[in-house]
Amino acid sequence: MLRLVIPKGSLEAQTLRLFEDADLRVRRGSDRDYHGTIEDERIERVSLLRPQEIPTYVQDGLFDLGITGQDWIAETGADVEVLTALAYAKSGTGHGTRIVLAVPNDHPATTAREMTPGSRISTEFLNLTRRYFSDLGIDVKVVWSYGATEAKVPEIVDAIVDVTETGGTLRAHGMKIIETLMTSEPVLIANRDAAADPDKRRAMQDVVTLLLGALRAEGRVLIKLNVSEERMAAVLEAVPSMKSPTVSRLQEGGFAIETVADKRQVNTLIPLLKALGATDILELPISKIVP
């Protein structure tokens, strides 16, 4: 039913892992294949393409559904419907990216407004950069970069506009960030005509539910334990929860408690619960959380 396109390149591994966690595993003949399948009647076919191309392909109806970055939607100006943000990036879940203006460390500018008219700026984001400096009223020369953008300063260009998560690569090349043009994260986008079709819309919403459920479960575990009535108040005060823990009375006396905890807390949480009187403590993985 749905023709899906997902990003190849830096986001590829994380995207494929997310789809597997969402029980929408992408099957390919090899890691080099640009096409694959998902054993789900809602997904007709899957392609892997560069995220720069995906907004336009989805806009033009070549695909019904796709994942790309907010930065590439802004760059291409594609008319697509954003179904949901997906908080993950190439280094893992929860990391967004920034489109930044960077200059050599000894450059006098400290903000974009201080860039000298006529400055040469190298970037993949030609349209985004031109619009940004046009809004500032500064006439700069924006030139296309085919990669290794940071290697072009200061001999070839005065500054670059590039994507970064931490800024570490730029700092390692002797550059400083003086402006953030926009922040970006992956988004699930839809062709507007496809999204207007009731059957395809339902299938799209199912995909959204599965992907967000997998993302919400990232780094979380289910904690189950038993506790006596005398110790329950102290244990309840210590247990974390998304809303409130589930408490059930046990037939043999006492209570069973279930709660969702951050995996990073478990190494201190379980000994604390044990010290407070909890027994039969279980830690279980969670594949999805759907509110």
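Read-outs throughout are calculated quantities, based only on the coordinates presented, and are distinct from any laboratory measurement. As the structure is a computational prediction, the values presented were derived from the model and not from experiment. Note that we place each Cβ from the backbone using ideal geometry, even for glycine, and neighbour counts take in every protein chain shown.
Here LYS176 is the anchor, and the lysines within straight C-alpha reach of less than 16 Å, apart from those fewer than 8 places off in the same chain, are LYS152. With only Cα atoms counted, region 97-184 has Rg and Dmax values of 11.4, 31 Å.
Work out the P(r) tail for region 110-238: percent of alpha carbon pairs separated by more than 17 Å, whole number.
That fraction is 72 percent.
Compute, for region 23-109, the length of the dipole vector about the Cα centre, with Cβ point charges of +1 (Lys, Arg) and -1 (Asp, Glu) only. Units Debye, rounded to 20. Provide the component values of the computation, followed by the final result.
On the way: 9 positive and 15 negative charges, 75 e Å.
The calculation lands at about 360 debye.
Which residue, LEU16, LEU49, LEU276, has the most motion in a Gaussian network model of the chain that connects Cα atoms within less than 10 Å? Largest GNM mean-square fluctuation: LEU276.
Of ALA194, ALA233, THR116, which is farthest along the charge dipole of region 92-241 in the positive direction, counting Lys and Arg as +1 and Asp and Glu as -1 at C-beta? It is ALA194, whose Cα lies furthest towards the positive end.
Remark: spin-label model distance MET1-MET182 equals 3.1 nm, labels positioned 7 Å along the Cα→Cβ axis. Normalised by 2.2 N^0.38 Å, where N is the number of residues, the C-alpha radius of gyration of the chain stands at 1.28. Taking every alpha-carbon pair under 8 Å whose residues sit at least 6 apart, the chain reaches a relative contact order of 20 percent.
Provide VAL143, VAL103 in ascending order of the number of other Cβ atoms located within 10 Å of each residue's Cβ, fewest first.
The order, fewest Cβ neighbours first, is VAL143, VAL103.
How much length, in nm to one decimal, is gained on full extension between ARG45 and VAL247, taken as 0.36 nm per residue of separation minus their Cα-Cα distance?
On the way: separation 202, 0.36 × 202 = 72.72 nm, distance 4.43 nm.
Working it through step by step, the gained length comes to 68.3 nm.
Taking Cα pairs under 8 Å and at least six residues apart, what relative contact order does region 97-184 come out at, in percent? Please list the in-between numbers first.
Details: 161 pairs, mean separation 45.5, N = 88.
Reported relative contact order: 52 percent.
Between rounded, prolate and oblate, where does region 41-169 land on the alpha carbon gyration tensor, with a ≥ b ≥ c its root eigenvalues, rounded for a/c under 1.5, else prolate if a/b exceeds b/c? Write down the numbers at each step before the final one.
Values: a/c = 2.45, a/b = 1.91, b/c = 1.28.
Verdict is prolate for region 41-169.
Counting only Cβ charges, +1 for Lys and Arg and -1 for Asp and Glu, the dipole size of the chain around its Cα centre is about 280 debye. In this rough spin-label picture, where each label sits 7 Å from Cα along the Cβ direction, the ALA85-GLU114 distance is 3.0 nm. For region 220-285, the extents of the C-alpha atoms along the principal axes are 32, 21, 18 Å, listed from largest to smallest. Distance between the 7 Å Cα→Cβ label points at ARG201 and TYR146: 4.6 nm. Computed over the chain with a Gaussian network model linking Cα atoms closer than 10 Å, the most mobile of ASP199, ASP60, ASP106 is ASP106. Which residue fluctuates the most in the chain, going by a Gaussian network model with Cα springs under 10 Å, if the choices are LYS243, LYS176, LYS263? Judging by the Gaussian network model, the answer is LYS243.
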